[in-house]
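The values are calculated or read from the model by the stated rules, or taken from the named source; none is laboratory data. Just so we're clear, the structure is a prediction, and the values are computed from it rather than from any experiment. A quick note on method: Cβ atoms are made from the backbone with ideal geometry, for glycine too, and the neighbour counts reach across all protein chains shown.
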Amino acid sequence: MATSYGPLSVWAVIVAGGLATFAIRLSFIHLFGRVDEVPGWLERALVYVPAAVLAALVVPDFTPAGATIGALVSPEIVGGAAAVAAAWQTEDVLWTVAAGMAGLHLARFLL
């Protein structure tokens with residue numbers, strides 16, 4: 001599908017988006033370089049950022065098209081639940097990965 005925008009307009013939007021992204025990231029680096037101490041409330045809030053980003057990236061892959069109880073019992077969900085249980089009990093990455101893979105393949109075999 002062709003658009004009425006010329007190559008110069010498209011490249012201008014790409015460059016502007018890149019500069020805006022760079023400016024946002026640079027502002028945090030510059031801000032934290034000048035601030036002597038990060039406020040405690042901000043440090044406590046930033047602890048949850050990695051988990052929130054990971055959840056936002058992973059959850060859509062595990063969400064079934066039809067959200068029924070039968071659809072929730074998929075090999076991926078079973079493997080994920082096994083990994084969560086192993087991570088909770090052992091707090092070890094290798095056991096978490098092993099339990100998740102074992103749960104996934106066992107569920108694929110049984111379901």
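For residue 54, state whether it is modelled with pLDDT under 90, farther than 30 Å from residue 110 by Cβ and either exposed (fewer than 10 other Cβ atoms within 10 Å of the Cβ) or of a type outside the set (Gly, Ala, Ser) (or both).
On the way: modelled with pLDDT under 90: yes; farther than 30 Å from residue 110 by Cβ: no; either exposed (fewer than 10 other Cβ atoms within 10 Å of the Cβ) or of a type outside the set (Gly, Ala, Ser) (or both): yes.
So residue 54 fails the test.
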Task: Residue within the stretch 15-35 that is modelled with pLDDT of 90 or more, surrounded by 10 or more Cβ atoms within 10 Å (Cβ to Cβ) and among the β-branched types (Val, Ile, Thr) present - done: yes
